[in-house]
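Everything below concerns the one structure shown next.
The values are calculated or read from the model by the stated rules, or taken from the named source; none is laboratory data. What you are looking at is a predicted structure, and each value in this text was computed from that prediction instead of being measured. Please note: Cβ atoms are built from the backbone with ideal geometry, for glycine as well, and neighbour counts cover all protein chains shown.
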Amino acid sequence: MGKVFYEQLSIPINQIPRKETGYGFEREVNLHYENEIGEKVTPAFDFEVPTNMVDSYLTYKKSGNRSLVEMEETKRSSEMKGETSVYDITYELPHINVERHTGRLFDDEQIEKKDKRITYDLVDGGRKFYSPIWSCMGNYGIKLKSQPWV
């Protein structure tokens, strides 16, 4: 009989509170992973939203009528406990900049490339997802989707 190895994965997810349109919310993923064979992992996540909830100046991957906002790894700790590898990894939404007066959204890459559509000063929008001010009231299906683990 062969030896049995175990792995453990924990991803607690909080419900997003009800929001008015135009206001941002944070989405943080805190992953805890252990495996007894000492395997290294590099998980990744997308925040999947209806494309009509994405500001027109932002470009995200698309899948049908859904947009995939790639989450960014912002913290990582890993250690070996004997033969067991232990990971604690935090993922957050990408940093956003909000244009004064218009409310248009720009990501850091657009700022770095000096996007010509930027007319006014920018405000630090943090690592939030902002729904457009013109969005209709209702419930929108939002998901966290894991990308294939390497």
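General observations
Condition check ((1) loosely packed, with under 14 Cβ neighbours inside 10 Å; (2) at pLDDT below 95) across all residues:
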position	(1), (2)
ALA44	no, yes
TYR60	no, yes
VAL69	no, yes
TYR87	no, yes
VAL98	no, yes
GLU112	yes, yes
ARG127	no, no
PRO132	no, yes
TYR140	yes, yes
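- Of the residues MET80, MET71, the single one that is among the aliphatic types (A, V, I, L, M) and either within 15 Å of the chain's Cα centre (by Cα) or at positive phi (or both) is MET71.
- Among residues of the range 62-83, those that are farther than 23 Å from ILE118 by Cβ, part of a strand (DSSP E or B) and in contact with a strand residue (DSSP E or B) (Cβ under 6 Å, 6 or more places away or on another chain), counted: 9
- One residue from TYR6, TYR87 being touching a Pro at 6+ places or on another chain (Cβ under 9 Å) and aromatic (Phe, Trp, Tyr): TYR87
- Applying the criterion of being without any contact (Cβ under 8 Å) to a residue 60 or more places away in the chain and in a loop (DSSP other than H, G, I, E, B) to the residues of the range 18-48, the residue that is nearest to GLU72 (Cα to Cα) is LYS40.
- Options GLN8, GLN15; residue that is assigned to a strand (DSSP E or B) and either among the small types (Gly, Ala, Ser) or farther than 20 Å from GLU109 by Cα (or both): GLN8
- Pair list, Cβ under 8 Å, 6 or more apart: the range 58-85 residue touching a residue at least 60 places away in the same chain (Cβ under 8 Å) and more than 28 Å from GLY38 (Cβ to Cβ), other residue among the basic types (Lys, Arg) and surrounded by 12 or more Cβ atoms within 10 Å (Cβ to Cβ): LEU68/LYS145
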